[in-house]
Every structure is written in structure tokens, then in C-alpha cells.
Amino acid sequence: MYQKPEYLKLGLDDVIHVPYRLNLIPGASDVIRNAERAGAYGATISGSGPTIIAFAPADRAEKVGIAMVNGFAAAHITSRYLVLDFDHNGIMAV
């Protein structure tokens with residue numbers, strides 16, 4: 001299996017809905033740019049927005065989160081970041 005997380009940026013480069021929704025989220029372009037400059041593999045709108053999601057190595061996650069919050073702050077938007085891990089179990093019956 002190839003592990004090339006740097007290719008995530010290409011996969012996140014959505015041309016169907018992101019270009020139309022990005023400008024509806026104040027500061028979103030700066031938030032994405034800040035995430036990538038801080039070491040994220042890539043970032044984009046999560047779902048229909050206004051959440052922005054970034055994928056980064058664990059050792060850069062905090063730095064990326066802070067950079068994203070700073071991007072929103074520059075647009076006078078209060079935000080917070082959460083560092084999450086992937087669900088390795090999938091769907092389970094409880």
C-alpha cells in the first residue's frame with residue numbers, strides 16, 4: 001500500500017462545490033492557506049461548511065489548528081479547533 005499523504009491536497013481540491021461556498025465563509029481562504037503553511041497536507045470545507053477540515057501529521061496538528069484559528073480571527077470570526085484521530089473500527093453494533 002502506498003502512503004503518500006501529500007497527495008491529499010490534490011484529492012481535496014474540489015471544483016464542484018468549494019469554489020461556490022468558499023466565499024460564503026469569512027476568512028476561509030486564509031484559514032486553508034494558513035493550515036497548509038503550518039504543515040497540513042491539505043484543507044477544505046467540511047460538508048457544506050462553515051467548518052474547515054485539515055489533515056496533518058500528529059506532530060503538526062496543534063500548530064495547524066492554531067494557524068487556522070488565527071485565519072478566522074483575522075476575519076473577526078471566533079473559532080476553535082479540535083484535533084481528532086481517524087476511527088479505526090468503523091461501524092459497530094452496540
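The values are calculated or read from the model by the stated rules, or taken from the named source; none is laboratory data. This one's a predicted model, so the numbers in the text were calculated from it and none came from an experiment. With ideal geometry, Cβ positions are generated from the backbone for all residues, glycine too; neighbour counts draw on all protein chains shown. We work out accessible area using only protein heavy atoms, side chains counted, and drop any ligands, DNA or RNA first. Shrake-Rupley method; radii C 1.70, N 1.55, O 1.52, S 1.80 Å.
Sorted by packing (mean other beta-carbon atoms within 10 Å per residue), highest first, where do 71-79, 28-36 land?
In descending order of packing, they fall as 28-36, 71-79.
Under a Cβ-Cβ cut-off of 13 Å, what is the net charge of the residues other than Glu36 that fall near it, where Lys and Arg count +1 and Asp and Glu count -1?
Net local charge, Glu36 excluded: +2.
Near the amide H of Tyr41, within less than 5 Å, lie the amide hydrogens of Phe55, Ala56, all on another chain or at least 5 residues away, with H placed in the peptide plane. In the chain, the longest principal axis of the Cα atoms and the axis of helix 28-37 are about 60 degrees apart.
For the chain, which whole percent of the accessible surface, found with a 1.4 angstrom probe, sits on carbon and sulfur atoms? In the chain, the share of accessible area belonging to carbon and sulfur is 57 percent. Computing FRET efficiency as 1/(1 + (r/R0)^6) for Gln3 and Ile91, where r is the C-beta to C-beta distance and R0 is 22 Å, gives about 0.35.
Just checking the listed ones, Val83, Val69, Val15: in the Gaussian network model of the chain with Cα springs under 10 Å, the one fluctuating most is Val15. Surface analysis of the chain yields an accessible area of 75 Å² per residue, using protein heavy atoms and a 1.4 Å probe. Residues Tyr41, Tyr7 ordered from highest to lowest accessible area at a 1.4 Å probe: Tyr7, Tyr41. Report the percentage of all Cα-Cα pairs in the chain whose separation exceeds 17 Å, rounded to a whole percent. Cα-Cα pairs of the chain separated by over 17 Å account for 51 percent.
Between Gly39, Gly11, Gly49, the residue with the greatest mean-square fluctuation in the GNM of the chain (Cα pairs under 10 Å linked by springs) is Gly11.
To the nearest 10 degrees, how steep is helix 61-74 against the longest Cα principal axis of the chain, on a 0 to 90 scale? Rounded to the nearest ten degrees, it is 20.
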